[in-house]
Amino acid sequence: MSNSIRAGWFVAQLRPHGLAQARVHLRRQGFDTFSPALVHRPHNQPNKLRAARPLFPGYLFVNFDPNQNGWTAINSTRGVSRLILNDPRRPRPLPAELIRALQNRWDPRNDHKGEDDLAVGDCVRILTGPFAELVTKIEALPSAERVGVLIDLMGGEVRSSLPRGHVTKVEK
């Protein structure tokens, strides 16, 4: 078993409302940070500005090499409550595949990219609700948050609009 520990991403627990403060101070210390956020626009107020909500409230991913000196300063950084480590003497980073998958789904502005690019005519599977597991085609894309589908119901076709997160693209 090797004693070498490689650089990677770790999780820092934040103090209440400490995300912005922790980001600023960790970057000043030379640490890379990552905090994916979902952009939310209230459906009853379409003109209201979109607000970003952290995907993991109260936590921040921090990249560092535990073989280098100085990483223990993260615990005393403003906005940070503590690093979450399974063994403080030999910290193990999160799986690289996990972080890579998260980063591939969020662009630099922290906007969710989505798992797939949907287009009119694409086949999708409905994930929730009374039509869960039904496969249908996209008829329209009325907004960034909704998809229009045509559902075959009892011999007739019914148009419906679903939240984009309630469908997933199906390969033909």
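The values are calculated or read from the model by the stated rules, or taken from the named source; none is laboratory data. Owing to the predicted nature of the structure, the values given are computational and were not obtained by experimental measurement. Virtual Cβ from ideal backbone geometry, glycine too; neighbours counted across all protein chains shown. For the accessible areas, the whole protein counts, side chains as well, though only heavy atoms, and no ligand, DNA or RNA atoms are used. Shrake-Rupley method; radii C 1.70, N 1.55, O 1.52, S 1.80 Å.
Numbers for the structure displayed
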quantity	calculated
Residue within the stretch 149-164 that is in contact (Cβ under 8 Å) with a residue 24 or more places away in the chain, within 20 Å of the chain's Cα centre (by Cα), surrounded by 15 or more Cβ atoms within 10 Å (Cβ to Cβ) and in a helix (DSSP H, G or I) present	yes
Some residue of the stretch 34-56 being more than 30 Å from Val167 (Cβ to Cβ) and either open to solvent by less than 90 Å² (accessible area, probe 1.4 Å) or at pLDDT 85 or above (or both)	no
Search result, residues across the stretch 60-84 that are part of a loop (DSSP other than H, G, I, E, B) and farther than 20 Å from Gln103 by Cβ	Pro66, Asn67, Gln68, Asn69, Gly70, Thr77, Arg78, Gly79
Evaluation of Pro93 against (1) touching a residue at least 24 places away in the same chain (Cβ under 8 Å); (2) more than 21 Å from Arg6 (Cβ to Cβ); (3) not acidic (Asp, Glu) (one fails), failing number	(2)
Gly114 being of a type outside the set (Val, Ile, Thr) and at pLDDT 90 or above	no
Meets criteria (hydroxyl-bearing (Ser, Thr, Tyr), touching a strand residue (DSSP E or B) at 6+ places or on another chain (Cβ under 6 Å) and either under 25 Å from Leu38 (Cα atoms) or open to solvent by 50 Å² or more (accessible area, probe 1.4 Å) (or both)) for Thr168	yes
Qualifying residue in the stretch 141-156 (condition: among the polar types (S, T, N, Q) and under 12 Å from Leu118 (Cα atoms))	yes
Residues satisfying the stated conditions in the stretch 57-89, i.e. more than 19 Å from Phe31 (Cα to Cα) and open to solvent by 70 Å² or more (accessible area, probe 1.4 Å)	Pro57, Asn86, Arg89
Residue list for the stretch 126-148, filter: of a type in the set (Asp, Glu) and not in a strand (DSSP E or B)	Glu133, Glu145
Odd one out for Asp117, checked against (1) within 22 Å of the chain's Cα centre (by Cα); (2) assigned to a strand (DSSP E or B); (3) more than 23 Å from Gln13 (Cβ to Cβ); (4) among the charged types (D, E, K, R)	(2)
